[in-house]
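First up is the structure itself, then whatever we jot down about it.
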Ligand SMILES: [Zn+2]
């Protein structure tokens, strides 16, 4: 997996790791949540961890799973370069969608 982001000061633009059919992709990631989604206790509170509660509040497993699906739907709509191959094709002329500069880095 490779993580594309911008190094322009105060920009902080980033996208998800590149997707591939046989590797990391939304369907494979979300498949891991399906076992939880099909259990009986879906409306129980997701976590009692104080750090999680401070960030998210007392939300149910149902809501956590729904938010995970929404997160990937948002990425699918907004990722300029879904695959590494798409990025390779554009990288010599690509500019950051947020700041318009060419300060990309891949980790
Ligand atoms: Zn930028």
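Please tell me if residue 12 is in contact with a helix residue (DSSP H, G or I) (Cβ under 7 Å, 6 or more places away or on another chain), within 22 Å of residue 98 (Cβ to Cβ) and surrounded by 11 or more Cβ atoms within 10 Å (Cβ to Cβ). Spelling it out, it is not the case that residue 12 is in contact with a helix residue (DSSP H, G or I) (Cβ under 7 Å, 6 or more places away or on another chain), within 22 Å of residue 98 (Cβ to Cβ) and surrounded by 11 or more Cβ atoms within 10 Å (Cβ to Cβ). Of the residues that make up the range 65-75, is at least one touching a residue at least 12 places away in the same chain (Cβ under 8 Å), surrounded by 14 or more Cβ atoms within 10 Å (Cβ to Cβ) and within 30 Å of residue 101 (Cβ to Cβ)? Yes, that holds for at least one residue.
Listed by first and then second residue, the pairs with beta-carbon distance under 6 Å, at least 6 apart or on different chains, first residue in the range 1-15 and touching a residue at least 40 places away in the same chain (Cβ under 8 Å) and assigned by TED's automatic domain parsing to the domain that holds residue 90, second assigned to a loop (DSSP other than H, G, I, E, B) and exposed (fewer than 12 other Cβ atoms within 10 Å of the Cβ), are 3/107.
For the structure I just gave you, tell me whether residue 84 is touching a helix residue (DSSP H, G or I) at 6+ places or on another chain (Cβ under 9 Å) and within 30 Å of residue 103 (Cα to Cα).
On the way: touching a helix residue (DSSP H, G or I) at 6+ places or on another chain (Cβ under 9 Å): no; within 30 Å of residue 103 (Cα to Cα): yes.
In short, no.
The values are calculated or read from the model by the stated rules, or taken from the named source; none is laboratory data. These figures come from a predicted structure and were not determined experimentally. Note that each Cβ is placed from the backbone with ideal geometry, even for glycine, and that neighbours are counted across all protein chains shown.
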